[in-house]
């Protein structure tokens with residue numbers, strides 16, 4: 001069994017969320033609910049792991065404002 005692209009993305013989002021919020025990743029990983037999707041095609045049967053409840057990462061307006069201020073500053077220097 002392999003991770004689906006969705007499950008790999010969910011793990012990466014969990015890491016990003018915890019890095020941004022400076023929190024422990026373990027509770028987020030422990031609360032993830034997984035399921036297996038089994039498909040059959042011309043190559044045979046394959047299965048992949050998916051996440052039912054991927055983490056949600058939200059950005060505050062102040063963060064995007066700071067980024068825009070940084071970009072404006074860089075553009076003015078050129």
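Some points to look at:
- Of residues in the stretch 17-39 being touching a residue at least 24 places away in the same chain (Cβ under 8 Å) and out of contact with any strand residue (DSSP E or B) (no Cβ under 9 Å at 6 or more places or on another chain), the one farthest from residue 5 (Cα to Cα): 20
- Counting only helices (runs of 4 or more DSSP H) wholly contained in the chain, the ones carrying 3 or more residues that are out of contact with any helix residue (DSSP H, G or I) (no Cβ under 7 Å at 6 or more places or on another chain), surrounded by 10 or more Cβ atoms within 10 Å (Cβ to Cβ) and at pLDDT 90 or above occupy 5-21.
The values are calculated or read from the model by the stated rules, or taken from the named source; none is laboratory data. From a predicted model like this one, the values you see are computed outputs, not experimental measurements. Neighbour counts run over all protein chains shown; Cβ positions are idealised from the backbone, glycine included.
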